[in-house]
Amino acid sequence: MRILSGDRFWRTAVLCLALGLTTSGCVTSAVHQFKPSTGDKLCVQPAPDREVLVGLAVSGGGSRAALFAASAYETLSQLRVGPEKRSLLEQVSYISSVSGGSLASAYYTMKKPAREVPMLTPDGQLTEAYKVFFTEFKKMMARDYERPLFWRNLLRLRWINPSWTAMSLKEVLQDSYIGDASFRELAQRQARGDSPYFLINTTLYNDGRRLVLSSLDRDALRYDLVRDLKEQPGWVTMTPETEQLLRISWSDLESRTPEDLKLDQCQVKIATAVAASMCFPPIIGPITVSAEGDDQYWHIGDGGMSDNTGAESLLMVFLKQLQEGRAKRAVILVIDSSFPFDIGGEELNHRKEGFSFFDADYSRIPSIMEERALAYRTLFFRVAKEGNLLPGSVEIVVVRLKHTDAQWKDDLTDLPESCRKEGVNWKSPQDVTKHVSGVVTRLFLKSTCDQDLVVQAAQKVIAQHEPAIRKAMGEGSSHRRTH
């Protein structure tokens, strides 16, 4: 290897930065090479049968979402529900996450104590093992991930290429807590019952479809809507052309898996999958992957471009099992700390230079796409419910836990002490809610007050929704079918 002299090195570096060469010479494209899929089912498992399916959908939102999720996990662990009064978190069999939610959920699934370690003592308190776990969990989610990412990019001349920034993010996550763990290790934990099934949601730039990285068999995510529609009385009036169009359109909405990309998902690192889920344009990513010996490249980015909650892919898994009669009902708790779209619009209203908005919230681009997709998705499921398009046996209860719904006391005596020390001048609960709503999507939280507010918001929202959660889990009155 030829070594450049000092002056010549810096002239070359400056030239690279000035010209922005991202594909050759100074900075080359980052491609993750994997062995082709061999059909080995070691890391691909069928969805297990359960009478009641309980899942968490954990939204994106950078460090805000990660810390909100960690606090929500801890609070749910102390909620005893059902005939046996077990911890609700112990009854969760699936977790589906996006972006910052993937940061938290990866930690939970890979680091939580083993199955034989109880979460709660007989009197309902956290066991010592879980006290230690949740303390470290929240500490890790409150870390500044942006600073080490910045320095890694700067020192390695990666900042001019978003794909290399994604590579740096993956390395930061590996160094921080995930290490080299792959889906092979995750599958082993799931087989032992140490972890729930974990779905990491991303988006394929190639065709715009959702890519779900998990250890589930691809068929587990393939709910057949047309099959249910054909059982409805009005189906007889539909032409074969209409049926074909419906099947093609529905196929476009189905999730892809590593199997579809002909990749050996046993090799996929958890850190790579989480980084891909967090790759929001135009700052980070995409992450590019391919199978060895294949000239097909797949470009993977933020899962929040179509659904920033992770609920849709989880819903498809549950609908599939309900459709096949393998479960009787399902409960989805949506841990939602996504940035309120209207708050971003209010900020933008008062900025003269439009692009300067991305300094404060660079998730705006995927948020716009997700906002439109959410409107159509809500419309579809509302019509499906009211029009009885889904089979009568389908029973899914969804409870949404939003950080912006936290209710604060009128006299603000419930404010974290850190906020008082920082000299906040809020006069009403509305002032606190406005501040919490405006905590921007970054890979750090700028103050201890913001960290404590996010943690407390999760505790408050779950307490506020406890009656609905208990009802969803089968306590009290008869179940209600909702979508």
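The numbers here are math on the coordinates, done by the rules we state, and not lab data. Worth saying up front: this structure is predicted, and the values here are computed from it rather than measured. Virtual Cβ from ideal backbone geometry, glycine too; neighbours counted across all protein chains shown.
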query: With labels modelled as points extended 7 Å from the Cα through the Cβ direction, what inter-label distance (nm, one decimal) is found for K328 paired with D260?
result: 3.3 nm
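Around P113, what is the net charge, scoring Lys/Arg as +1 and Asp/Glu as -1 over all other residues with Cβ under 15 Å from its Cβ? Intermediate values should be presented prior to the final figure.
Numbers: positive: K111, K112, R115, K131, R189, R192; negative: E74, E90, E116, E128, E136, D194.
Every neighbour counted, the sum reads 0.
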- prompt: For K434, which aspartates and glutamates qualify as cross-link partners when the Cα separation must be under 13 Å and same-chain residues fewer than eight apart are set aside?
  reply: D342, E346, E347, D405, D450
task: Taking the dipole about the Cα centre of the stretch 403-453, with the C-beta of Lys and Arg at +1 and of Asp and Glu at -1, give me whichever of V432, L412, S447 is farthest to the positive side.
output: S447
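Go ahead and run the numbers for FRET between S447 and K111, Cβ-Cβ distance against an R0 of 22 Å, rounding to 0.05. Walk me through the intermediate numbers first.
On the way: r = 26 Å, r/R0 = 1.19.
Step by step, r from the Cβ atoms, then E = 0.25.
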statement: Listed by chain and number, the residues whose amide H is under 5 Å from that of T203, excluding neighbours fewer than 5 places away on the same chain and using placed H, are L211, G301, D302, G303
- prompt: Between L157 and D175, how many nm apart are label points set 7 Å from Cα along the C-beta direction?
  reply: 1.9 nm
task: Be a star and scan the stretch 63-82 for residues whose amide nitrogen sits under 16 Å from the point 7 Å along the Cα-to-Cβ vector of E466.
output: 72-82
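Checking the a/c ratio against 1.5 first, then a/b against b/c, what shape does the Cα gyration tensor give for the stretch 46-101?
Cα axes put the stretch 46-101 in the oblate bin.
On a 29 Å Cα-Cα criterion, which of the cross-link pairs K402/K427; K262/K402; K111/K421; K35/K131; K131/K427; K111/K409 come out too long? Could you put the intermediate results ahead of the total?
Details: K402/K427 23 Å; K262/K402 37 Å; K111/K421 33 Å; K35/K131 40 Å; K131/K427 34 Å; K111/K409 35 Å.
The pairs that break the limit, which is 29 Å between Cα atoms, are K262/K402; K111/K421; K35/K131; K131/K427; K111/K409.
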- request: Report Rg/Rh for the stretch 248-301, rounded to two decimals, where Rg is the Cα radius of gyration and Rh the Kirkwood radius.
  value: 1.00
task: Treat each spin label as a single point 7 Å out from the Cα along the C-beta direction, and report the E475 to D431 distance in nm.
output: 3.6 nm
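If you take the square roots of the eigenvalues of the alpha-carbon gyration tensor of the stretch 196-308 and sort them as a ≥ b ≥ c, do you get rounded (a/c under 1.5), prolate (a/b over b/c) or oblate? Show your work: numbers first, answer last.
Values: a/c = 2.18, a/b = 2.08, b/c = 1.05.
Prolate shape, in that a/c is at least 1.5 and a/b is the bigger ratio.
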- request: Just subtract the alpha-carbon distance of L246 and D224 from 0.36 nm times their residue separation and send over the number in nm, one decimal.
  value: 6.8 nm
- prompt: By a straight-distance test (C-alpha under 12 Å), which aspartates and glutamates pair with K85 as possible cross-link partners, with residues fewer than eight away in the same chain excluded?
  reply: D123, E475
